[in-house]
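Asker: Okay, here's the structure, questions in a sec.
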Amino acid sequence: MRQAGRSLPEYLKVREGIPMLESCMRPELVTEITLQPVRRHKVDAAIYFSDIVVPLKAIGLDLDIKPGIGPVVAEPIRTRADLARLRELTPDDVSYVTEAIGMLMGELGATPLIGFAGAPFTLASYLVEGGPSRNHEHTKAMMYGDPELWAELLDRLADITSAFLKVQIEAGASAVQLFDSWVGALAPVDYRRSVLPASAKVFDAIAAYDVPRIHFGVGTGELLGLMGEAGADVVGVDWRVPLDEAARRVGPGKALQGNLDPAVLFAPTAAVETKTREVLDAAAGLEGHIFNLGHGVLPTMDPDSLTRLVEYVHTQTAR
Ligand code: CP3
């Protein structure tokens, strides 16, 4: 998950000289990069190689992904007039996605493919701030200061995200993940009022498809119950809340995903195994659990430590 490729020499090699967003539009390259972690680490599922800002680029916004920084938007969205730039997404806007997933279906065999999109709040944060932000000050200024404009912005993003997920499901994705990476910056009362309706709209829009819907966030310990309410089948948990406690917060009828601290992978193998065992023990009685990191692979991570982790989890969970 999450920019995982950057720790792989084979990824860096095929990406050489090709800007990030351009590489997302080349179906052969997307297929190769998506397969790399599956080949090397023998993970149970592939995650489609793209980025959360791809659909925004596809509808014509002037944005780029800068190495070491992240998504940067030339003209931030701050006013009602700016909303006109957020038109609907059609499958033709992202025909390269349909093509790449078609190719992946031929290559992956029984390995499932996870499609994904950015959640309305996290996309709004990039659009309103103009780039990555620690405090989300412009975003919150709009959310608190002009709730109507904010609601309209999130509603448009919900439609774009829903359309983008539908394209991936129709092309063959076997599960989808909605990334609300930065929503942990909000208090529950604000999440309920200002974010939940838009994220729920996305999950509703794809409910009729028979694919599991995963809802991911970081620092969301206090939001887990509300994220469950938003409608996903699986709720992601970072490393700050033990899984048994997270399950109580999320409520019945949902699976959990996570929750090893990615930084644990910098420790010696024995320590990684101890921490992994803790995660698996906390998950033992749950209705469903997808083992994963609580957030992304860091570019400086030793890829071999990831391969060993996958192997360890497989030996510990084999039936
Ligand atoms: O792991 C994968 O390669 C799967 C594909 C994937 C990417 N981005 C490719 C990517 C996924 C699932 C994402 C999601 C994504 N992108 C999120 C949500 C998940 C999360 O990590 O919280 C977010 C917030 C983004 C926005 C974004 N794009 C960031 C923060 C960055 C990193 C900037 C940096 O260099 O530190 C990107 C760039 C990006 N997206 C890269 C990749 C492989 C690195 C590009 C490169 O090779 O330089």
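The values are calculated or read from the model by the stated rules, or taken from the named source; none is laboratory data. Remember, it's a predicted structure, so these values are computed and weren't measured experimentally. Quick reminder, even Gly has a Cβ in these numbers, built from the backbone with ideal geometry, and neighbours come from all protein chains shown.
Asker: Mind counting the residues in the range 46-68 that are over 17 Å from the mean Cα position of the chain (by Cα) and within 6 Å of the ligand (Cβ to nearest atom)?
Answerer: The number of residues fulfilling the criteria is 2.
Asker: Could you count how many residues in the range 262-291 are out of contact with any Ser or Thr (no Cβ under 7 Å at 6 or more places or on another chain), within 16 Å of the ligand (Cβ to nearest atom) and closer than 16 Å to S7 by Cβ?
Answerer: Residues meeting the conditions: 2.
Asker: Six or more apart or on different chains, Cβ atoms under 7 Å: show the pairs whose first residue is in the range 174-188 and closer than 23 Å to I206 by Cβ and touching a residue at least 40 places away in the same chain (Cβ under 8 Å) and whose second is among the β-branched types (V, I, T) and part of a loop (DSSP other than H, G, I, E, B).
Answerer: From residues that are closer than 23 Å to I206 by Cβ and touching a residue at least 40 places away in the same chain (Cβ under 8 Å), the pairs are S174/V211; A175/V211; V176/I206; V176/V211; F179/I52; S181/V218; V183/V195; V183/T220.
Asker: List every residue pair whose Cβ atoms sit under 9 Å apart, with the two residues 6 or more apart in sequence or on different chains, where the first one lies in the range 72-83 and is of a type in the set (D, E) and the second, anywhere, is part of a helix (DSSP H, G or I) and at pLDDT 95 or above.
Answerer: From the range 72-83, the pairs are E75/D82; E75/R85; D82/L127; D82/L153.
Asker: Would you mind telling me which numbered condition in (1) within 30 Å of A151 (Cα to Cα); (2) modelled with pLDDT of 95 or more Y96 fails?
Answerer: (1)
Residue-by-condition table, conditions (1) at negative phi; (2) within 16 Å of the ligand (Cβ to nearest atom):
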| position | (1), (2) |
| --- | --- |
| V73 | yes, yes |
| R80 | yes, no |
| D93 | yes, no |
| E99 | yes, no |
| G109 | no, no |
| I114 | yes, yes |
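Asker: Another question about this same structure. Which one is surrounded by the fewest Cβ atoms within 10 Å (Cβ to Cβ) among residues in the range 1-35 that are within 9 Å of the ligand (Cβ to nearest atom) and under 20 Å from G102 (Cβ atoms)?
Answerer: Of everything passing the filter in the range 1-35, S23 is surrounded by the fewest Cβ atoms within 10 Å (Cβ to Cβ).
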